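Student: Let me give you the structure first, and then I'll get to my questions.
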Amino acid sequence: RPDIVSPGGNAYGEEMTATRLRDMDYYLRLITYGVIAGDVTPIEEIGLVGVREMYNSLGTPIPAVAESIRQMKQVAMGLLSPDDAAEAGYYFDFVVGAMS
């Protein structure tokens, strides 16, 4: 989203972009935990507690975070077999849903 990466946006500049990329790495790791466990419990217990409050307090638009995760899902689905993509997709959708 141009409004996020433009001057004045929440991900403008090298440092803020690095911070947002770190966040995406965190969510990808959480999704991987869910896939390995075969359950959303690790995602809920480790990573989604207070996520809305945190991003609101930082002024980070939650829809932008959710869109980033959707884009990450799209890339990941292209790297996985159809069966693995179907399984992993559920966990991506779970995280996005938790942010909505």
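Student: Can you say whether residue 99 is touching a Gly at 6+ places or on another chain (Cβ under 7 Å) and either under 17 Å from residue 28 (Cα atoms) or exposed (fewer than 11 other Cβ atoms within 10 Å of the Cβ) (or both), as far as the supplied structure shows?
Tutor: No, not satisfied.
Student: Could you count how many residues in the range 54-99 are in a loop (DSSP other than H, G, I, E, B) and under 12 Å from the mean Cα position of the chain (by Cα)?
Tutor: Qualifying residue count, the range 54-99: 0.
Student: Here are the criteria: (1) surrounded by 11 or more Cβ atoms within 10 Å (Cβ to Cβ); (2) touching an Asp or Glu at 6+ places or on another chain (Cβ under 9 Å). Tell me which single one residue 38 does not satisfy.
Tutor: (1)
Student: Can you confirm whether the range 60-71 contains a residue that is of a type in the set (Lys, Arg) and modelled with pLDDT under 95?
Tutor: no
Student: Could you look through the range 41-92, keep only residues that are crowded, with 16+ Cβ neighbours inside 10 Å and of a type in the set (Ser, Thr, Tyr), and pick out the one that is farthest from residue 23 (Cα to Cα)?
Tutor: If we take residues in the range 41-92 being crowded, with 16+ Cβ neighbours inside 10 Å and of a type in the set (Ser, Thr, Tyr), then 91 is farthest from residue 23 (Cα to Cα).
Student: Mind listing just one residue for me: the one in the range 1-25 that is closer than 25 Å to residue 93 by Cβ and exposed (fewer than 12 other Cβ atoms within 10 Å of the Cβ) and, of those, modelled with the highest pLDDT?
Tutor: 25
The values are calculated or read from the model by the stated rules, or taken from the named source; none is laboratory data. From a predicted model like this one, the values you see are computed outputs, not experimental measurements. Positions of Cβ are generated from backbone atoms using ideal geometry, with glycine treated the same way; all protein chains shown enter the neighbour counts.
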